[in-house]
Amino acid sequence: MVLWSLTGTVLRLAGQDPALAGVAQNYTMIQVFSPAPFLVFVAMRQYLQGRGIMLPMLAVVIVANVMNAFLNWVFIYGKLGAPAMGAVGSGLSTGITRTVMPVALAGIIVALELHREAWVPWSRSALDLGELREILSYGIPVGASLGLEVWAFSIAGLFAGWLGADQLAAHTIVLKLSAFSYMVALGISHASATRVGNLVGAGDRQEAQRAAWVAVGMAASAMALFAVVFTLFRWQLPALFLPAGATAAIGFAAAILPIASAFQVFDGTQAVGGGVLRGVGDTRPAAWFNFIGYYVLGLPLAVFLAFRGEAWGLPGLGWGLPGIWIGLALSLGAVAALLVLYIARRGPARSPSA
């Protein structure tokens, strides 16, 4: 939340448009209260996921999406007597929705007694240093792994911003489409973590290994379908996000959607691979693989492919936005390959932590 207060300053230092940096600052600050309650929701969500109870989370998220859409309509456009706040209104609606979600989920848990036989009254044992160290030993690598991935795409967004407003718009649209398809892989990833973890806890390593490969295959197949859709409708999909006259941005998006299609299978595979390792409790390798894939290989390659050498004092090809996305695709391919090899050699059937 403290770092969010520096949004505008950091974006300006990174060479982004000052006007856009100002909007981003206002967008984040108006929802700066929301990360804390949202993380409470995440903790309860993970608790239910660990018990294999999914429907309450689904119900809360569906209602939250409807609520967020309604509040966006109210605050962005100034409906029902509210002021028209534009993008800042979207930030406010997001913050309100994030705050309501943990309250709603807690209410369902209590009403349905989903805490029975699982939660115990609070005591000083909750602050046991040994337990906290064990949680951190799993959690810090998971946070690092997810952070390294998200930061890499954020850095790629800064690269796109240096290319111009149309390229940044195209990059953002394709990233949103990729995030949409990623939700399918993410759901399978969470399911694989729960399934593999439960089987490992039951001592059935071979079945856990089988579940891991089933999850990887499901994610890769689902993402392959999205790849086909993105390729076939590479002109129509970006047009849904932009006014009819934005032909330049639509053209840039259509040019990189086939590249985004290529990394869909990689993205699904690496998402589930990370979930499998979380289920086993072997969380460090994914963090290292993300560091290697994105920061040793992908991002340096994206800079080389996207920008001309004279702008950096280094060799470069100047391919623009496609160069950035080729770098991201190769990053995901490397991470996916490393995770699949690791699961084959040190997966649930062989992992010492299992």
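Since every read-out is calculated from the coordinates, none of them should be taken as a lab result. Only a predicted model underlies this, so the values are computations on that prediction, with no experimental measurement involved. Quick reminder, even Gly has a Cβ in these numbers, built from the backbone with ideal geometry, and neighbours come from all protein chains shown.
What you get for segment 1-118, charging only the Cβ of Lys and Arg (+1) and of Asp and Glu (-1), is a dipole of about 20 debye around the Cα centre. Would you mind telling me which residue in Arg133, Arg51, Arg308 has the biggest mean-square fluctuation in a Gaussian network model of the chain, where springs connect alpha carbons within a distance under 10 angstrom? Of Arg133, Arg51, Arg308, the most mobile in the Gaussian network model is Arg133. Using R0 = 25 Å, the C-beta based FRET efficiency linking Val63 and Val2 works out to 0.25.
Taking the highest mean first, how do the peptides 274-284, 175-185, 112-122 order by number of other beta carbon atoms within 10 angstrom per residue?
Values: 274-284: 24.5, 175-185: 17.5, 112-122: 10.3.
Packing proxy ranking, top to bottom: 274-284, 175-185, 112-122.
Using the per-residue mean of other Cβ atoms lying within 10 Å as a proxy for protection, in what order, highest first, do the peptides 236-246, 318-328 fall? Each step should come with its number before you reach the end.
On the way: 236-246: 14.2, 318-328: 22.2.
Peptide ranking by packing, descending: 318-328, 236-246.
Working note: Karplus 6.51/-1.76/1.60 with θ = phi - 60° gives segment 264-274 the couplings 4, 5, 4, 5, x, 5, 5, 5, 6, x, x Hz, where Gly and Pro are set to x. A Förster radius of 35 Å combined with the Cβ-Cβ distance from Ala82 to Arg116 puts the calculated FRET efficiency at roughly 0.25.
Between the listed residues Ala337, Thr28, Ala144, the Cα displaced farthest toward the positive end of the dipole of the chain, a dipole computed from Cβ unit charges relative to the Cα centre, is found at Ala337.
For the chain, the Kirkwood radius over C-alpha pairs fed into Stokes-Einstein at 20 °C and 1.002 mPa s yields D = 97 µm² per second.
For segment 7-157, take the convex hull of the Cα atoms, compute a quarter of its surface area, and give me that in nm², please. If you can, show how the numbers build up before the last one.
On the way: hull surface 47.9 nm².
Its average projected convex-hull area is 12.0 nm².
Using the Cβ-Cβ distance between Leu158 and Arg124 with R0 set to 35 Å, the FRET efficiency from 1/(1 + (r/R0)^6) comes to roughly 0.15.
For the chain, the Cβ-based charge dipole about the Cα centre amounts to some 280 debye (Lys, Arg positive; Asp, Glu negative; other atoms uncharged).
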